[in-house]
Amino acid sequence: MEVLWIGLLLLEVIMMSSAARGPPRVAGKVAHRQSVRLGRTAKLACPVEGDPPPLMMWTKDGRHIHSGWTRFRVLQHGLRIKEVETEDAGTYVCKATNGFGSVNINYTLIVIGECNASYDFR
C-alpha cells in the first residue's frame, strides 16, 4: 500500500511539473519601433520566459549576431549596441527557443543623426 501511495505522489509531482512546461512566451510589453541617437547605446529587450528557459538568438536584417560583432553584446534578456552607427539601423529579431517551440520579437531600430546644420540667412 505504501508503494502505491509513493507511486501516486510521484505521478502527481511529474504531472504538475510537466503542466508548467511549454513553449516560450512574451512576458511583457514590447515597443517594436525603437530610436537611438548616433553614437549612443541602444538596448533592445527580449522579455521572454519559458520552461525550460529558452535560448536566445538575435539577427539583424536576417544575419546572425555573434561575438565577432564587437559593439554588439547579447545579454540574458536583450541586446546592447554600443556607439551606434548609421548602419545599425534596420530590422532586429530576438528568437527564443526551447524544446517545446519558439517565439520571435521583431524590432525596427531607427538611428537619429546629429542635427548640426548651420544656416546663413543673409
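The values are calculated or read from the model by the stated rules, or taken from the named source; none is laboratory data. Everything numeric in this text was worked out from a predicted model, so none of it was measured. So basically every Cβ, Gly included, is an ideal-geometry build from the backbone, and we count neighbours across all protein chains shown.
I need the strands (runs of 3 or more DSSP E) fully contained in region 59-122, keeping only those with at least 1 residues that are in contact with a strand residue (DSSP E or B) (Cβ under 9 Å, 6 or more places away or on another chain), over 24 Å from residue 49 (Cα atoms) and modelled with pLDDT of 95 or more.
Where strands (runs of 3 or more DSSP E) fall fully within region 59-122 and carry at least 1 residues being in contact with a strand residue (DSSP E or B) (Cβ under 9 Å, 6 or more places away or on another chain), over 24 Å from residue 49 (Cα atoms) and modelled with pLDDT of 95 or more, they are 90-98, 101-112.
If residue 6 satisfies all but one of (1) over 15 Å from residue 104 (Cβ atoms); (2) surrounded by 13 or more Cβ atoms within 10 Å (Cβ to Cβ); (3) of a type in the set (A, V, I, L, M); (4) modelled with pLDDT under 95, what's the number of the condition it fails?
The failed condition is (2).
List pairs: first in region 81-104 and under 18 Å from residue 67 (Cα atoms), second of a type in the set (Gly, Ala, Ser) and assigned to a loop (DSSP other than H, G, I, E, B), Cβ under 8 Å, 6+ apart or cross-chain?
Here the result reads 83/39; 84/39, each pair linking region 81-104 to a residue that is of a type in the set (Gly, Ala, Ser) and assigned to a loop (DSSP other than H, G, I, E, B).
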